[in-house]
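None of the figures in this text is laboratory data; all of them are computed from the coordinates on show. What you are looking at is a predicted structure, and each value in this text was computed from that prediction instead of being measured. Positions of Cβ are generated from backbone atoms using ideal geometry, with glycine treated the same way; all protein chains shown enter the neighbour counts.
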Amino acid sequence: MKNTAIESNPRQYLYWFTEEAFKRAKAALIKDGVKVVSSKFTPCEVLRASGNKVVYATPEVWSRICVRQGSWYRNSKRFGKYMMMSENRLPETFDAYLDAEIANSEFMPESLPTSAELQSVVDSSIYQKNKPDEWEDKGLKDSVMFKILFSLTRFWGWGDNLKKYWLSHKAAHANFLSRQFTAEIDNESVPYTIAENAGICSSCVETFNIIEDSSRKLVRACPGAVTFGGAKRDVYLDIKPTLRVIK
């Protein structure tokens with residue numbers, strides 16, 4: 001699938017800091033008059049960074065509301081690091097921690113995979129090998145929480161439930177690992193989210209470059225990112241890693 005129409009704006013910059021570097025960055029930004037705000041409930045709140053306001057997420061935020069989903073973070077090299085989002089590039093002093101540039105995209109797949117195709121993606125060896133054990137350990141609490149939140153936000157109808165969307169929840173992450181469904185952009189095969197907003201969970205895993213951190217991605221927001229982070233429905237974000245080494 002080809003799609004080359006990618007917008008350059010609006011743009012956000014994603015940073016991953018060690019604790020010590022984060023403290024230096026926070027102090028320097030406050031000194032320069034930048035408004036520095038912390039995420040309270042979910043990591044996706046950093047998407048609300050704009051203008052003179054940067055938003056950060058501490059390691060603890062990944063285990064507050066989205067505990068099961070946060071297992072991707074806790075099982076990655078990001079674990080223990082601090083995430084920050086800014087609409088403007090931070091001072092060059094912190095370039096070593098710049099991880100990705102994020103922009104809205106005009107990409108939209110012509111169609112989405114069938115249930116059989118989704119199952120094939122989930123069955124891929126690379127997903128089965130790399131998924132955190134806790135990620136698929138859903139229970140009654142998950143079903144109730146999803147039902148309430150997604151129904152109130154009108155992503156789900158009253159007849160929808162977690163069982164209906166469980167396959168696409170898994171496949172949405174699996175495709176970024178297996179790369180079975182990609183779009184050709186700038187002569188590059190770019191994996192994309194293979195579900196509608198209603199069938200996605202924890203898009204933060206890709207938006208914040210938790211997995212496949214050197215790979216460009218086209219990411220559609222989960223209902224949580226729309227609700228807590230202000231992400232747009234039916235819009236793919238173009239995640240471009242800077243390929244810098246986080247020290």
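What fraction, in whole percent, of alpha-carbon pairs in the chain exceed 32 Å separation?
Percentage above 32 Å: 17.
Which lysines, if any, have their Cα less than 23 Å from the Cα of Lys53, not counting same-chain residues under 8 positions apart?
Within the straight-line limit of under 23 Å, Lys53 reaches these lysines: Lys23, Lys26, Lys31, Lys35, Lys40, Lys81, Lys232, Lys240.
Could you name the lysines in cross-link range of Lys170, using Cα to Cα under 16 Å and dropping any fewer than eight places away on the same chain?
Lys129, Lys131, Lys138
In a GNM of the chain with a 10 Å cut-off on Cα contacts, which of Ala116, Ala172, Ala21 has the highest mean-square fluctuation?
Ranking Ala116, Ala172, Ala21 by mean-square fluctuation puts Ala116 first.
Please sort 53-65, 222-234 by packing, taking for each peptide the average over its residues of neighbouring beta carbons within 10 angstrom, highest first.
222-234, 53-65
Enumerate the amide H contacts of Asp99 below 5 Å, restricted to partners 5 or more residues apart or on another chain; note that Pro and chain-start residues carry no placed amide H.
Result for Asp99 returns Leu14, Tyr15, Trp16.
With a cut-off of 8 Å between alpha carbons and a minimum separation of six or more residues, what is the relative contact order of region 11-103 in percent?
For region 11-103, the relative contact order is 45 percent.
Can you sort Glu106, Glu134, Glu206 so the residue with the fewest Cβ neighbours within 10 Å comes first?
Ordered by Cβ neighbours within 10 Å, fewest first: Glu106, Glu134, Glu206.
Can you grab the distance from the C-alpha centre of region 16-59 to the C-alpha centre of region 149-166, Å, no decimals?
A separation of 32 Å, based on Cα centres.
Using a Förster radius of 35 Å, what is the FRET efficiency between Thr114 and Glu87 based on their Cβ-Cβ separation? Nearest 0.05, please.
About 0.35, to the nearest 0.05.
Against the longest principal axis of the chain, how steep is helix 162-178, in degrees 0 to 90 to the nearest 10, with axes from Cα atoms?
60
Using the alpha carbon gyration tensor of region 104-241, what are the three equivalent-ellipsoid semi-axes (square root of 5 times each eigenvalue), largest first, in whole Å?
Whole-Å semi-axes of the equivalent ellipsoid: 23, 18, 14.
Along region 43-52, what does the Karplus equation 6.51 cos²θ - 1.76 cosθ + 1.60 (θ = phi - 60°) give for ³J(HN,Hα), rounded to whole Hz, x for Gly and Pro?
x, 5, 4, 5, 5, 7, 4, 6, x, 8
Given 20 °C and 1.002 mPa s, compute D for region 89-140 with the Stokes-Einstein relation, Rh being the Kirkwood radius over Cα pairs; round to the nearest whole µm²/s.
137
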